[in-house]
Amino acid sequence: MSEKACHLISPPPASATQDTFGRVVDYLRVSITDRCNERCLYCMPEGYKGWERKPDHLTAEEIVRVVRVAAGMGFRKFRLTGGEPLVRADVPEIVRTMAAIPGVEHIGISTNGSKLGVLAQPLRDAGVGTVNVSLDALDPAVYRRITGGDLNAVLAGIRAAVAAGFERVKLNCVLMRGVNEHELWPLVLFAAEHGLPLRLIELMPVTTTDVLTEKNFMPVSEAMELLRLKDELIPQPDWRLGFGPAKYYQLKHTGARVGFIGAMTNLHFCETCNKMRLTADGKVRPCLGDHGEIDLREALRHASDDVAVRELLASALQRKPLEHQFRGSYQPCRPMTAIGG
Ligand code: SF4
């Protein structure tokens, strides 16, 4: 395993992108489409038809304009999400233009991997640094049951991403009891074999509250117990394999690097939040688990300069909540595919 993968964090710079709780928020997750070529159980409700109208999607120029304004304010890290971002044909061009903006230090992509086989190298060449690939199972039938998709295309995508030489490729698995707990160990072995960090993520009721039930909700503590039946988990508190909230462990015998993301059970989950989101239809959303949104699209389409866009981004930052409402009163009004994970 390469030492380069783990580094101690340096003290954050004092920046204009501090929220009212003193958190440095310099990471913008940019959803570039609400469309997707898969139908994941926890993201897209059965028979979903609520797609945004294409004209309501931000154009490539508008996306890049928001990134430029945000970078001017002190945002440094950007991740393209969806829906499935790679269903949008102009992704490499968007990345190339973003990479040339002063202040943009990092560009990542979160994808279901099904199109990476073809796009990994062009994305790497355009300036993408890291790729997060959703991989909820290694049994083709279980994978299809969860996503409706073809596992082989995703595995080919992961191989292509590794070959393309990204700074980091990570695997994301959403935990669902009664659906994929038997897949966790095969996923750990797969991650160890390919030298890729695996993150195990608690379900969040982003799309519908019915997606999360007593029966299927698996806390990360339960996943850890399942892995402890097979290997020893060694805490790695100094590991920062990216900019997210994962708590990492190294498995003693397999050498696998496993991160746990417990948004529901970790009561301190939001304390170090560093992000905001931009939806495909131009809303800036300070928190995944709170309904607050501010519309940037009107300003992007009607304001000649960037002052209004900057002011709207700044006001979103000032209205960022301390934490999500998933454990409380959160009633979804937008599916995950329209927010971007
Ligand atoms: S749920 Fe909201 S506050 Fe918590 S980490 Fe996510 S975006 Fe930040």
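The values are calculated or read from the model by the stated rules, or taken from the named source; none is laboratory data. The shown structure was predicted, so the numbers you read here are calculated from the model rather than taken from an experiment. In this analysis, Cβ positions are derived from the backbone assuming ideal geometry, glycine residues included, and neighbour counts consider all displayed protein chains. Keep in mind that these areas ignore ligands, DNA and RNA; they rest on the heavy atoms of the full protein, side chains included. Shrake-Rupley method; radii C 1.70, N 1.55, O 1.52, S 1.80 Å.
Heavy-atom accessible area for C273, with the other protein chains in place and a 1.4 Å probe, reaches approximately 20 Å².
The count of lysine pairs in segment 160-254 whose Cα atoms are under 21 Å apart, excluding pairs fewer than 8 places apart on the same chain, comes to 4. Once the Cα atoms are used to define both axes, helix 60-73 deviates from the longest principal axis of the chain by about 90 degrees. Rounded to the nearest 500, the 222 nm mean residue ellipticity of the chain from helices alone is -8000 deg cm²/dmol, with -39,500 (n - 2.57) taken per DSSP H run of at least 4 residues.
Say each of T213 and R53 gets a label point 7 Å from the Cα, pointing the same way as Cα to Cβ; how far apart are those two points in nm? Result: 3.7 nm between the two label points. Quick one: if you stick a label point 7 Å off each Cα along the C-beta vector at R297 and L229, how many nm between them? Calculated label separation equals 4.8 nm. Annotation: T97 carries an accessible surface of approximately 60 Å², with a 1.4 Å probe and no ligand, DNA or RNA atoms counted.
Using a Förster radius of 22 Å, what is the FRET efficiency between A100 and E61 based on their Cβ-Cβ separation? Nearest 0.05, please. Mind dumping the intermediate values first?
Values: r = 14 Å, r/R0 = 0.62.
FRET efficiency, A100 to E61: 0.95.
Heavy atoms of the protein chains alone define the surface here; on that basis the chain has 43 Å² accessible area per residue at 1.4 Å probe size.
Just subtract the alpha-carbon distance of E167 and S221 from 0.36 nm times their residue separation and send over the number in nm, one decimal. Intermediate values should be presented prior to the final figure.
Working: separation 54, 0.36 × 54 = 19.44 nm, distance 2.94 nm.
Stretched fully, the E167-S221 segment lengthens by 16.5 nm.
Heavy-atom surface analysis with a 1.4 Å probe gives the chain a carbon and sulfur content of 55 percent of its accessible area.
Accessible surface for W239 stands near 30 Å², nearest 10, in the context of the full protein assembly shown (1.4 Å probe). For the chain, a Kirkwood hydrodynamic radius built from all Cα pairs, placed in the Stokes-Einstein relation at 4 °C and 1.567 mPa s, yields a translational diffusion coefficient of 64 µm²/s.
A quarter of the convex hull surface defined by the alpha-carbon atoms of segment 128-283 gives 10.3 nm² as the mean projection. Would you mind calculating the relative contact order of segment 3-339 from Cα pairs under 8 angstrom and at least 6 residues apart, reporting the percent as a whole number? RCO, segment 3-339: 22 percent.
In this simple spin-label approximation, C333 and S304 carry label points 7 Å from Cα along the Cα→Cβ vector, and these lie 3.4 nm apart. Remark on R79: its backbone amide H falls under 5 Å from those of L28, R29, V30, G108, a criterion applied only to residues 5 or more positions apart or on other chains, H modelled at 1.01 Å from N.
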